[in-house]
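The values are calculated or read from the model by the stated rules, or taken from the named source; none is laboratory data. Note that the structure is a prediction, hence the values are computed from the model and not measured. Methodologically, a virtual Cβ is constructed for each residue, glycine included, from the backbone with ideal geometry; neighbour enumeration extends over all protein chains shown. These area figures cover heavy atoms from the full protein model, side chains too; ligands, DNA and RNA do not enter into them. Shrake-Rupley method; radii C 1.70, N 1.55, O 1.52, S 1.80 Å.
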Amino acid sequence: MNCSTCDDKVCRKQQTSCNREIFDKEEVISKYKETTTSEIVEAAAELVDFGRAGSLSRVEEIMEFAATMNYKTLGLAYCYGMEQYAIALEKLLTAKGFKVSAVSCSVGGLKQSEVNAASCIHKVSCNPLGQAEQLNAEKVDLTLVVGICMGHDILLNRTLNMDFTTLVVKDRKFNHAPLQGITK
Ligand code: SF4
């Protein structure tokens, strides 16, 4: 399927199926009615409906969404190289009344050789599995992913037990604005 080259866009223009999709539509619709899904759909809608789209920054959206979902504890899984932003974010979230657990990618102080047997680099390693397990053990309600390296983010996201949202995508070439890698 390639919606990016589709000319008719009947899904949008006529709010009907183009019958190119292969998933079970009724099954998907019934999943939206499940409480754990509908409460997220409703909280997300409150951020953008009635002309609100664009009025909030992503950080503001996360804080409002978390409050609507009655989340009390938030996790920050951040890249050590972005600690200045993690520090500022922790202060913002704490000021809003959330309990924050901020876990750096170097948690546990693992050596490169303990994480990557093929590595011959002798320095501390990123430890996305450790970050996830720490946040799992602390049972945070929602994790914010902040600038985790490509690949490590997959391991982190795969291992987190709770919901998570990516706040910052690391892009060292385009100052963490990956869209520029598409348009340039
Ligand atoms: S009409 Fe079908 S192919 Fe076209 S954008 Fe919508 S879902 Fe994609």
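Selection over segment 1-41 of residues that are of a type in the set (A, V, I, L, M, F, W, C), near the ligand (Cβ under 9 Å from one of its atoms) and surrounded by 11 or more Cβ atoms within 10 Å (Cβ to Cβ) gives a count of 5.
None of Gly81, Gly54 is open to solvent by less than 80 Å² (accessible area, probe 1.4 Å), free of Cβ contacts under 8 Å to residues at least 40 places away in the same chain and more than 16 Å from the ligand (Cβ to nearest atom) except Gly54.
Determine whether Ile62 is at pLDDT 95 or above, of a type outside the set (Ser, Thr, Tyr) and surrounded by 15 or more Cβ atoms within 10 Å (Cβ to Cβ). Yes; evaluated as a whole, the condition is true for this residue. Set side by side, the residues Thr159, Thr166 differ, and just one is within 23 Å of Glu39 (Cα to Cα), surrounded by 13 or more Cβ atoms within 10 Å (Cβ to Cβ) and polar (S, T, N, Q), which is Thr166. Just one residue in the set Leu144, Leu92 is modelled with pLDDT of 95 or more and surrounded by fewer than 20 Cβ atoms within 10 Å (Cβ to Cβ); that residue is Leu92.
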